[in-house]
Amino acid sequence: MKQLFTVFLIAVQFIFLTACAQKTEKKETAKSPFGTVKKTSAEWKAQLTPIQYEVLREKGTERAFTGKYWDNHETGIYYCAGCHLELFHSDTKFESGTGWPSFYEPIKEGVVHVGTDTSYGMVRDEVECSRCGGHLGHVFPDGPKPTGLRYCMNSASLTFEKTNKK
């Protein structure tokens, strides 16, 4: 009986890993309506700061309340720090209390790609830039109206440009 259970567990793991590999394959072949930016690791390292590289290219996370935009209240646009794609408008930013900049929706449809992140023993919805594939953060279903979503982003994955409110 113990051997049968072991075979069952191995089969379940195989199925799970196969499904994860298929999702990753689809994700890599997805095309952005905003073009595609592909660079070598050396090119990314030359362009980005060490923390930007860690977050955008290695799927790292900055510590809460340490990023430069978590408490930013100026009016403007947040762009991908990797490829300068417009991602979020400050009008959709809200105080989530998490220590990371949080938004209830992207600036337009298709600028971000949402996939599955199973790291650290959790299942989360990972948010990536649709143009360069940079890791931005995660999205959670506990945000304010009108979407009910909380796009919890790393400041290191963003750049901000102030605009005059009209």
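The values are calculated or read from the model by the stated rules, or taken from the named source; none is laboratory data. Quantities reported herein were computed from a predicted structural model and do not represent experimental measurements. Note that we place each Cβ from the backbone using ideal geometry, even for glycine, and neighbour counts take in every protein chain shown. What goes into the accessible areas is simple: the full protein's heavy atoms, side chains included, and nothing from ligands, DNA or RNA. Shrake-Rupley method; radii C 1.70, N 1.55, O 1.52, S 1.80 Å.
Would you confirm, using the coordinates I've provided, whether G143 is part of a loop (DSSP other than H, G, I, E, B) and either on the phi > 0 side of the Ramachandran plot or in contact with a His (Cβ under 9 Å, 6 or more places away or on another chain) (or both)? Against the criterion (part of a loop (DSSP other than H, G, I, E, B) and either on the phi > 0 side of the Ramachandran plot or in contact with a His (Cβ under 9 Å, 6 or more places away or on another chain) (or both)), G143 does not qualify.
Here E109 clears all of (1) assigned to a loop (DSSP other than H, G, I, E, B); (2) within 25 Å of E43 (Cα to Cα) except the condition numbered (2). Is it true that T49 is touching a residue at least 40 places away in the same chain (Cβ under 8 Å) and closer than 30 Å to N164 by Cα? For T49, the condition - touching a residue at least 40 places away in the same chain (Cβ under 8 Å) and closer than 30 Å to N164 by Cα - is met.
Here the condition is being under 21 Å from the mean Cα position of the chain (by Cα) and at pLDDT below 95; of K45, K31, it holds for K31 alone. For M122, the conditions (1) among the hydrophobic types (A, V, I, L, M, F, W, C); (2) buried (at least 19 other Cβ atoms within 10 Å of the Cβ); (3) under 28 Å from S41 (Cβ atoms) are fulfilled apart from (2). Considering T98, T75, T163, the condition of being open to solvent by 20 Å² or more (accessible area, probe 1.4 Å) and at pLDDT below 95 is satisfied by T163 alone. Any idea how many residues of the stretch 73-106 are small (G, A, S) and part of a strand (DSSP E or B)? Final tally of qualifying residues: 2.
I107 falls short on exactly one of the conditions (1) among the hydrophobic types (A, V, I, L, M, F, W, C); (2) under 15 Å from the mean Cα position of the chain (by Cα); (3) open to solvent by less than 30 Å² (accessible area, probe 1.4 Å), and that condition is (3). Checking each residue in the stretch 114-166 for being under 14 Å from F94 (Cβ atoms) and not charged (D, E, K, R) picks out V139, F140, G143, P144, P146, T147, G148, L149, Y151, C152, M153.
Suppose the filter is basic (K, R) and in contact (Cβ under 8 Å) with a residue 40 or more places away in the chain; does K93 pass it? Give the steps one after another, and end with the answer.
On the way: basic (K, R): yes; in contact (Cβ under 8 Å) with a residue 40 or more places away in the chain: no.
Against the criterion (basic (K, R) and in contact (Cβ under 8 Å) with a residue 40 or more places away in the chain), K93 does not qualify.
Within the stretch 125-134, restricting attention to residues that are in a strand (DSSP E or B) and not aliphatic (A, V, I, L, M), the residue that is surrounded by the fewest Cβ atoms within 10 Å (Cβ to Cβ) is D125. Of all residues in the stretch 52-72 being in a helix (DSSP H, G or I) and acidic (D, E), which is most open to solvent (accessible area, probe 1.4 Å)? Among those that are in a helix (DSSP H, G or I) and acidic (D, E), it is E58.
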